[in-house]
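Working notes, structure below.
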Amino acid sequence: WDQKKKMFLSRFCVRQRSNNVLLNFSVTGRYLSSVLLNKSFNTRTIKFYQNSNVFYSNRNIMSTQQVKEIDQTNFQHEVVSKSMQTPVLINCHAGSVKASQDFVVLFETEAKAYGNTFELVRLDVEKNQELAQALQIQQIPAVFAVFRGRAAGNFVGALSPENLKKWFEQILTKLNIQQPPTQAENKALTFEEAFKNGEKLLKEKDFTNASLCFSSILENNEWKEKSEFKAKAGIILCLIGKYEYNEAKVLAQNVKENCKTITDVFIKSALLKAEYAPETPQDLEVLKKSVEEHPENHELRLSYAKHLFVLGQDQAAVSEGLNIVKVDKAWNEGAAKTMLIKIFEALGDCEITKTGRRKLSNYLF
């Protein structure tokens, strides 16, 4: 095939025939005939037939698809819905930065060489700061691949054309080993189903895909009234899971300012975790060792308990708080008691809350 490429074409013509595309190539000195591109190959693999010999090429017909700008109003349709059938590449850029715009041109040129294999969209982070925050974009340029509603890969920073090609091939290799979407995956999810998917990903500590899931809920206008604050709470928990505490605190403040009545325990828990999160991440093992070395230091133990709660170790957090109350219930104007009551309210009517309340009552009275 390397020898064939050296004599490759000076021109070609394309004409539509039924469900296939027939291409006739003119080359120097020889003629390649009966060249058939089957659409089932998704324009990525072209079979060349000549004299009963089959050759394969990664060359592709350049795509002429329109690249759409996405925002909060069309994120659900252009990214999540379309990714159920075709991988969607989100190119995050800044309209006012020339270097960022130069990379947009380079990236789309390279991506279009793969025909209609990908859906291409752009996100201007300057015009869509809330959406950029939801997707946890820290630097531009940044590119995310989304397939079947889940993150399939990403990179940050401008890549060379050679490295871009390698990245595209890595994504295609990864996606090729997956089974086609099932009928259940292709149908429109209800809010409850989408939210459960986000919760499941949170429990699996897949914070990137969980964030994507909650972001898609946030951008669905049909769900906005009942989903906005729960979706933001999910994103807060994703930020905390990735130790991005300051960003979580900012988003939590936004929820507090705009949500008049907070009764949902999922939202309460997320807001309390953001409140208790330290300014900078701390090593739990180091904190634990300090508490063991200074058991009389209630301030240190309280800080440890809050950090345990932030990281999802609810039972351990309650136990540390109860230890303080057991020794000195009045310490620091009942700070440990106050923390425990807030945690119980955030956890709701679960076994940890029931057991913890009983023990707290015993220590207080």
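The values are calculated or read from the model by the stated rules, or taken from the named source; none is laboratory data. Here the structure is a predicted model, which is why all the values come from computation and not from measurement. Cβ coordinates were reconstructed from backbone atoms using ideal geometry, including for glycine residues, and neighbour counts include every protein chain displayed. Accessible surface is based on the protein model in full, side chains and every heavy atom, while ligands, DNA and RNA are left aside. Shrake-Rupley method; radii C 1.70, N 1.55, O 1.52, S 1.80 Å.
Residues being at pLDDT below 75 and either more than 22 Å from LEU135 (Cα to Cα) or of a type in the set (D, E, K, R) (or both): count how many of those fall in the stretch 175-217. Explain how you work it out, then say what you get.
The initial filter retains those residues of the stretch 175-217 that are at pLDDT below 75, namely 176-189.
If we keep only those that are either more than 22 Å from LEU135 (Cα to Cα) or of a type in the set (D, E, K, R) (or both) too, we end up with 176-187.
Of the residues in that region, 12 qualify.
When you look at LEU287, is it surrounded by 15 or more Cβ atoms within 10 Å (Cβ to Cβ), part of a helix (DSSP H, G or I), at pLDDT below 95 and more than 29 Å from the chain's Cα centre (by Cα), yes or no? I'd like the intermediate steps shown before the answer.
Working: surrounded by 15 or more Cβ atoms within 10 Å (Cβ to Cβ): yes; part of a helix (DSSP H, G or I): yes; at pLDDT below 95: yes; more than 29 Å from the chain's Cα centre (by Cα): yes.
Yes; evaluated as a whole, the condition is true for this residue.
Here are the criteria: (1) assigned to a helix (DSSP H, G or I); (2) of a type in the set (Val, Ile, Thr); (3) closer than 24 Å to THR353 by Cα. Tell me which single one VAL250 does not satisfy.
The one condition VAL250 does not meet is (3).
Considering only residues of the stretch 144-165 that are assigned to a helix (DSSP H, G or I) and touching a helix residue (DSSP H, G or I) at 6+ places or on another chain (Cβ under 8 Å), which is most open to solvent (accessible area, probe 1.4 Å)?
Initially, the stretch 144-165 is screened for residues assigned to a helix (DSSP H, G or I), giving 161-165.
Imposing the further condition that a residue be touching a helix residue (DSSP H, G or I) at 6+ places or on another chain (Cβ under 8 Å) reduces the set to 161, 164-165.
Numbers: PRO161: 47, LEU164: 0, LYS165: 100 Å².
Here the answer is LYS165.
Among GLN282, GLN313, which is under 26 Å from LEU212 (Cβ atoms) and open to solvent by 30 Å² or more (accessible area, probe 1.4 Å)? Reasoning before the result, please.
Details: GLN282 fails: under 26 Å from LEU212 (Cβ atoms).
Answer to the check: GLN313.
Just wondering, is there one or more residues in the stretch 59-71 that are modelled with pLDDT of 90 or more, of a type in the set (S, T, N, Q) and more than 24 Å from GLU222 (Cα to Cα)? So that I can check it myself, show each step before the final result.
Narrowing the stretch 59-71 to residues modelled with pLDDT of 90 or more: 69-71.
Right, trim to of a type in the set (S, T, N, Q) and you get none.
No, every residue in the stretch 59-71 fails to be modelled with pLDDT of 90 or more, of a type in the set (S, T, N, Q) and more than 24 Å from GLU222 (Cα to Cα).
From the list GLU275, GLU320, exactly one residue is surrounded by fewer than 18 Cβ atoms within 10 Å (Cβ to Cβ) and of a type in the set (D, E, K, R). Which is it?
GLU275
Report, ordered by the first and then the second residue, all pairs with beta carbons closer than 8 Å, sequence separation of six or more or different chains, a first member in the stretch 257-273 that is touching a residue at least 12 places away in the same chain (Cβ under 8 Å) and within 16 Å of THR353 (Cβ to Cβ), and a second member that is among the basic types (Lys, Arg) and assigned to a helix (DSSP H, G or I).
That search, which allows pairs on different chains as well, returns ASP264/LYS230; PHE266/LYS230; LEU272/LYS342.
What number of residues in the stretch 209-234 are within 22 Å of PHE155 (Cβ to Cβ) and either among the aliphatic types (A, V, I, L, M) or in contact (Cβ under 8 Å) with a residue 60 or more places away in the chain (or both)? Give the derivation first.
Filtering the stretch 209-234 down to residues within 22 Å of PHE155 (Cβ to Cβ) leaves 209-213, 215-216.
Within this subset, residues satisfying the condition of being either among the aliphatic types (A, V, I, L, M) or in contact (Cβ under 8 Å) with a residue 60 or more places away in the chain (or both) are 210-213, 215-216.
Result for the stretch 209-234: 6.
Could you say whether any residue in the stretch 317-326 is part of a helix (DSSP H, G or I) and under 29 Å from the mean Cα position of the chain (by Cα)? Give the steps one after another, and end with the answer.
Initially, the stretch 317-326 is screened for residues part of a helix (DSSP H, G or I), giving 317-326.
Keeping just the survivors that are under 29 Å from the mean Cα position of the chain (by Cα) gives 317.
Scanning the stretch 317-326, I find at least one residue that is part of a helix (DSSP H, G or I) and under 29 Å from the mean Cα position of the chain (by Cα), so the answer is yes.
Exactly one of (1) under 16 Å from the mean Cα position of the chain (by Cα); (2) at pLDDT 90 or above; (3) open to solvent by less than 20 Å² (accessible area, probe 1.4 Å) is unmet by ALA134. Its number?
So the condition that ALA134 fails would be (2).
Among the numbered criteria (1) more than 17 Å from PHE214 (Cα to Cα); (2) part of a helix (DSSP H, G or I); (3) among the charged types (D, E, K, R), which single criterion is violated by GLU130?
Against the list (1) more than 17 Å from PHE214 (Cα to Cα); (2) part of a helix (DSSP H, G or I); (3) among the charged types (D, E, K, R), GLU130 comes up short only on (1).
When you check GLU292 against the structure, is it surrounded by fewer than 13 Cβ atoms within 10 Å (Cβ to Cβ), assigned to a helix (DSSP H, G or I) and not β-branched (Val, Ile, Thr), yes or no? Spell out the reasoning first.
Numbers: surrounded by fewer than 13 Cβ atoms within 10 Å (Cβ to Cβ): yes; assigned to a helix (DSSP H, G or I): yes; not β-branched (Val, Ile, Thr): yes.
For GLU292, the condition - surrounded by fewer than 13 Cβ atoms within 10 Å (Cβ to Cβ), assigned to a helix (DSSP H, G or I) and not β-branched (Val, Ile, Thr) - is met.
Taking the stated definitions as given, is ASN254 open to solvent by less than 70 Å² (accessible area, probe 1.4 Å), within 19 Å of the chain's Cα centre (by Cα) and in contact (Cβ under 8 Å) with a residue 12 or more places away in the chain? Give the steps one after another, and end with the answer.
Values: open to solvent by less than 70 Å² (accessible area, probe 1.4 Å): yes; within 19 Å of the chain's Cα centre (by Cα): no; in contact (Cβ under 8 Å) with a residue 12 or more places away in the chain: yes.
Taking the combined requirement at face value, the residue does not satisfy it.
Scan the stretch 230-250 for residues that are surrounded by fewer than 21 Cβ atoms within 10 Å (Cβ to Cβ) and among the hydrophobic types (A, V, I, L, M, F, W, C) and jot them down.
Passing the criteria: only VAL250.
This table checks each residue for (1) touching a residue at least 24 places away in the same chain (Cβ under 8 Å); (2) farther than 17 Å from ARG150 by Cα; (3) among the hydrophobic types (A, V, I, L, M, F, W, C); (4) open to solvent by less than 40 Å² (accessible area, probe 1.4 Å).
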position	(1), (2), (3), (4)
GLU69	yes, yes, no, no
PHE75	yes, no, yes, yes
VAL79	yes, no, yes, yes
GLU110	yes, yes, no, yes
